[in-house]
Amino acid sequence: MKQLVFQRKILWILTEGGRMKYVLSLWGMLFFLSSTAWGQAGETYEVTYVDSVGSNYSAYVPQPLVETVVEGETYELRSRQGKILATVPVSPFMTIGVEHCLMMAMDVWEEQLNIKEPVRFKVTFNENMSPDVEIQTTVEYALDKNRNSAPLNLLNQVEFQRKDEVTTIDINAYVYWNSSWANELEFGYDNLTTALTRHLAHILGFGTSIVQCGTGINFANPNTASLFDNLIVNADNQSLGALVGFGSSEAIETFLAQDLYLNLPGGRLKMYSNPQGFVLYRSGCYFSLETDNLMNYPYQDKTRLLPINPETLDALSAIGWEVKPHELSIEGRSLDAYGYGSVYQGHTFKAFGRDGKPIANAQWKYQLYNNHSGTYVDKAQGTGGSFTIPSILMGDEYLDKFQCQQGRVVCEANNGTSVSYPVFLDAHPLVLGYQISNVQDTEDSYYFSFDITLNYVGSDNGVLTVCNEGGSAMLFDIKGSGQTTIHVPNAFKYSQLWIDVSLENSYGSGTKRFYYDYDSNLSKGAIGINFPEVRENVEIFTLHGVRLYGVSSLDELPRGIYIIRKSDKLKGSKIYVVK
C-alpha cells in the first residue's frame with residue numbers, strides 16, 4: 001500500500017492539472033498490459049482426460065487420479081521425422097513392444113499434421129493407479145494472445161517456444177495391454193496403439209477444458225474457455241464457452257447433459273452426453289457418431305486397432321492445427337489400419353473420397369524415408385484406380401529401430417486433392433498360416449499323426465514345436481522358403497495341441513502360435529475306466545502330481561487332464577480328460 005501511495009505522489013508532482021488524468025490512465029493501461037503479458041507467459045492450467053477399464057467404470061463416481069510424475073532415468077523417443085517427442089521411463093514395463101505401439105501412434109499423427117515446433121509429452125507407467133482407470137492424460141493449457149485457452153503444444157506452433165513440462169500420458173501398468181506385433185506371439189486384450197493414438201488427440205486439444213473443482217466443475221481457467229470449448233454447442237446453437245465467468249457449476253453440468261454437438265465449418269457432429277447428468281471425463285470430450293471413430297465414446301471393442309478419422313482432423317483444424325489434406329483416404333491390402341505389414345509381400349492400395357466412392361485415374365507415388373538425410377526418396381510411381389508397391393528390401397538407412405522399412409504412399413486425384421499414407425514394412429520373417437492334413441490314428445489309441453503345411457515369408461530357417469497341455473513337446477526343423485510340409489508322428493489325442501512356429505533371418509525372429517484339437521466334439525470322457533462319481537477311496541491329481549481336494553463330482557473339474565487313482569491301490573491309475 002505504501003508503494004502505491006508513493007507512486008501516486010510522484011505522478012502528482014510531475015504533472016499538472018488535466019495532465020494528471022492522462023498520466024494516471026496511461027499508468028493504468030501499462031499495468032493492464034503488463035499483467036496481460038504476464039498471464040500469457042506464465043499462466044498454465046492442467047486438464048485431465050481418462051479412459052477406464054471396461055464396465056468397471058462408474059460414470060457418476062469420479063475416480064481419484066494419480067499424480068503423473070516421471071521419476072528416475074528416462075530417455076527420448078522420436079517420431080519418424082522428429083516432430084513428436086516422448087520422454088519415457090527406463091522401466092520393465094517399457095518393453096520393445098510398448099515402444100513400437102507408442103512410435104506407431106506418434107508416426108501416424110506426424111503424417112497428418114504440419115508441425116512447426118515439436119510436440120512434447122511424457123509417458124509413465126503407474127503401478128498405483130485405480131484399477132478402474134486404464135489410461136489418463138494430463139495436458140498443459142496456456143492462454144493465447146486473445147486469452148483463449150489451448151494446449152501449450154498447439155500455442156507453440158504460432159506464438160510461444162516454451163517446453164511443455166507437464167503433459168503426460170499415464171498408463172496403468174497392470175492392464176493386460178496388447179502390445180504384440182504381427183510377427184510374434186499375440187498376447188493381451190486392449191489395444192495399446194489405439195489407446196495411445198486416442199490420447200495423443202487429447203494432447204493436441206481434442207476435448208473440453210472442464211475440470212473438477214472441489215465438489216463442482218468449472219473451466220480449467222475460470223475466466224477463459226478453450227478453443228475446443230467454443231466449438232461445443234447445444235441444439236439451440238448456444239456455446240459452452242459462453243458460460244465462462246457467468247455459469248455456475250450447476251449451469252455447466254446442465255449444459256453438458258443436453259444434446260451436444262461440435263460446430264465445425266463442414267457441419268455439426270454429435271458429441272457424447274448423457275441426459276441423466278454430466279459425466280466427468282466423458283461429456284463433451286468424445287464423439288458419439290454412428291460409425292466407428294477413434295474418438296468415439298464408448299468404443300466397445302478395445303481390442304481393435306482404430307485409425308485417425310477425418311472428423312478428428314476436422315476438429316483439430318478448427319482449433320488451429322495445420323492439418324494436411326484428408327479429403328481422400330487410402331486403404332492398403334495386407335496391411336493393418338496403420339500401414340504395418342511385411343516387406344516380403346507386395347501391397348496394393350486404393351483411394352476413396354469422403355463419400356466412400358473409389359477414386360479412378362489417380363496419380364500414385366511410393367516414397368522411402370532415408371534416416372541419414374531425413375528426407376523421402378521416390379521409389380515407384382503409377383496411375384490408375386489402384387497402386388501396388390513391390391516386395392523389395394532396401395538398405396539399412398531406410399529401416400527404423402524395429403527393423404521396419406519406412407515409407408509412405410502418396411495419392412493425388414484429378415481434382416488436385418491428395419493424401420499420404422505411412423507404411424511400416426517389417427523385415428522380420430512372418431508366418432502367414434498353416435494347414436493340417438492327413439490326420440491318421442496310430443497303433444496306440446492315445447495318439448494320432450498328421451501333416452502340417454506352413455506358409456511364411458522372409459525366413460532363412462526355423463523350428464516347429466508341437467506341444468500338448470501336459471508339457472510333452474516335439475521339435476522339427478523348418479527349411480526352405482515360402483512353404484514347407486512337416487509330418488508329426490505322435491500327437492496326444494486328448495489334449496489341445498500348441499503349435500509354435502519360430503522363424504529366423506538376419507533381422508531377427510518371427511513367431512506364431514496356433515491351436516489344434518484332434519476332435520473338437522470330444523467331451524468329458526476317460527481313457528480306460530470311467531469314474532462317474534468321486535468316492536472317498538478315489539484321489540484326483542493334476543498331470544504335475546498336485547492332488548485336488550474338495551471335488552465331489554467329476555463334473556466340477558475345469559477343462560484339462562487329470563489322473564484318477566483309487567486310494568487303496570498303488571497301481572491302476574487312469575487318465576481323465578475334461579474337454
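Remarks
- Scanning region 407-423 for residues that are open to solvent by less than 20 Å² (accessible area, probe 1.4 Å), in contact with a helix residue (DSSP H, G or I) (Cβ under 9 Å, 6 or more places away or on another chain) and closer than 14 Å to Asp378 by Cβ returns a single hit, Gly407.
- Filtered residues of region 228-262 (kept if under 23 Å from Ile203 (Cβ atoms) and open to solvent by 60 Å² or more (accessible area, probe 1.4 Å)): Asn230
- Residue that is in contact with a helix residue (DSSP H, G or I) (Cβ under 6 Å, 6 or more places away or on another chain) and within 18 Å of Ile169 (Cα to Cα), where the choices are Val119, Val108, Val123, Val133: Val119
- Residues in region 503-516 that are open to solvent by less than 40 Å² (accessible area, probe 1.4 Å) and under 17 Å from Gly433 (Cα atoms): Leu503, Gly510, Thr511, Phe514.
- Residue count, region 155-198 (criterion: in contact (Cβ under 8 Å) with a residue 40 or more places away in the chain and within 21 Å of the chain's Cα centre (by Cα)): 30
- Region 221-245, residues that are of a type in the set (Gly, Ala, Ser) and under 26 Å from the mean Cα position of the chain (by Cα): Ser226
Per-residue answers, yes or no, for (1) within 36 Å of the chain's Cα centre (by Cα); (2) over 16 Å from Tyr447 (Cβ atoms):
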| position | (1), (2) |
| --- | --- |
| Asn468 | yes, no |
| Met474 | no, no |
| Lys479 | no, yes |
| Asn490 | no, no |
| Tyr494 | no, no |
| Ser506 | yes, yes |
| Lys512 | yes, yes |
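- Qualifying residue in region 386-401 (condition: touching a residue at least 12 places away in the same chain (Cβ under 8 Å), in contact with a Phe, Trp or Tyr (Cβ under 6 Å, 6 or more places away or on another chain) and under 30 Å from Lys270 (Cα atoms)): no
- Matching residues in region 334-366 - criterion: being in contact (Cβ under 8 Å) with a residue 40 or more places away in the chain, touching a Gly at 6+ places or on another chain (Cβ under 9 Å) and of a type in the set (D, E, K, R): Lys365
- Considering region 61-97, the residues that are at pLDDT 95 or above and more than 15 Å from Phe121 (Cα to Cα) include one that is least open to solvent (accessible area, probe 1.4 Å), namely Arg80.
- With a requirement of 3 or more residues that are more than 25 Å from Gln136 (Cβ to Cβ), among the hydroxyl-bearing types (Ser, Thr, Tyr) and open to solvent by 60 Å² or more (accessible area, probe 1.4 Å), none of the strands (runs of 3 or more DSSP E) lying completely within region 270-376 satisfies it.
- Scoring Ser35 on the criteria (1) open to solvent by 20 Å² or more (accessible area, probe 1.4 Å); (2) modelled with pLDDT of 75 or more leaves a single failure, condition (2).
- Residue pairs whose Cβ atoms lie under 8 Å apart, separated by 6 or more positions or on different chains, with the first residue in region 367-378 and over 12 Å from Met394 (Cβ atoms) and in the same structural domain as Pro390 (by the TED database) and the second assigned to a loop (DSSP other than H, G, I, E, B) and modelled with pLDDT of 95 or more, are Gly374/Gln81; Gly374/Gly82.
- Selection count where residues are in contact with a strand residue (DSSP E or B) (Cβ under 9 Å, 6 or more places away or on another chain) and either of a type in the set (Lys, Arg) or not in a strand (DSSP E or B) (or both), scope region 407-429: 7
- Pairs with Cβ under 6 Å, 6+ apart, first in region 246-265 and over 13 Å from Thr208 (Cβ atoms), second among the hydrophobic types (A, V, I, L, M, F, W, C) and open to solvent by 60 Å² or more (accessible area, probe 1.4 Å): Asp259/Ala235
- As a summary of the residue check, Gly550 satisfies the conditions (1) outside any strand (DSSP E or B); (2) modelled with pLDDT of 65 or more; (3) not assigned by the TED database to the domain that holds Leu454 except for the one numbered (2).
- Among the residues listed as Glu140, Glu134, the single one being modelled with pLDDT of 90 or more, surrounded by 17 or more Cβ atoms within 10 Å (Cβ to Cβ), of a type in the set (Asp, Glu) and over 30 Å from Arg513 (Cβ atoms): Glu140
- From Asp441, Asp426, Asp519, residue being modelled with pLDDT of 95 or more, charged (D, E, K, R) and either surrounded by fewer than 19 Cβ atoms within 10 Å (Cβ to Cβ) or under 30 Å from Phe352 (Cβ atoms) (or both): Asp426
- Residues that are open to solvent by less than 10 Å² (accessible area, probe 1.4 Å) and either farther than 17 Å from Lys116 by Cβ or touching a Lys or Arg at 6+ places or on another chain (Cβ under 9 Å) (or both) within region 143-163 comprise Leu143, Ser149, Leu152, Asn153, Leu155, listed in sequence order.
- Any hit, region 389-406, residues being basic (Lys, Arg), over 25 Å from Asn191 (Cα atoms), assigned to a loop (DSSP other than H, G, I, E, B) and modelled with pLDDT under 95: no
- Search result, residues across region 447-460 that are open to solvent by less than 80 Å² (accessible area, probe 1.4 Å) and either not polar (S, T, N, Q) or not in a loop (DSSP other than H, G, I, E, B) (or both): Tyr447, Phe448, Ser449, Phe450, Asp451, Ile452, Thr453, Leu454, Asn455, Tyr456, Val457, Gly458
- Hits in region 424-462 - residues which are β-branched (Val, Ile, Thr) and in contact (Cβ under 8 Å) with a residue 60 or more places away in the chain: Val431, Ile436, Val439, Val457
- Here Thr383 clears all of (1) open to solvent by less than 60 Å² (accessible area, probe 1.4 Å); (2) in a strand (DSSP E or B) except the condition numbered (1).
- Residues located in region 80-109, provided they are in contact (Cβ under 8 Å) with a residue 60 or more places away in the chain and touching a Ser or Thr at 6+ places or on another chain (Cβ under 6 Å): Gly97, Val98, Cys101, Met104, Ala105, Met106, Asp107
The values are calculated or read from the model by the stated rules, or taken from the named source; none is laboratory data. Note that the structure is predicted; figures quoted are calculated from it, not measured. Note that each Cβ is placed from the backbone with ideal geometry, even for glycine, and that neighbours are counted across all protein chains shown. Side chains included, ligands, DNA and RNA excluded: accessible areas come from the protein's heavy atoms. Shrake-Rupley method; radii C 1.70, N 1.55, O 1.52, S 1.80 Å.
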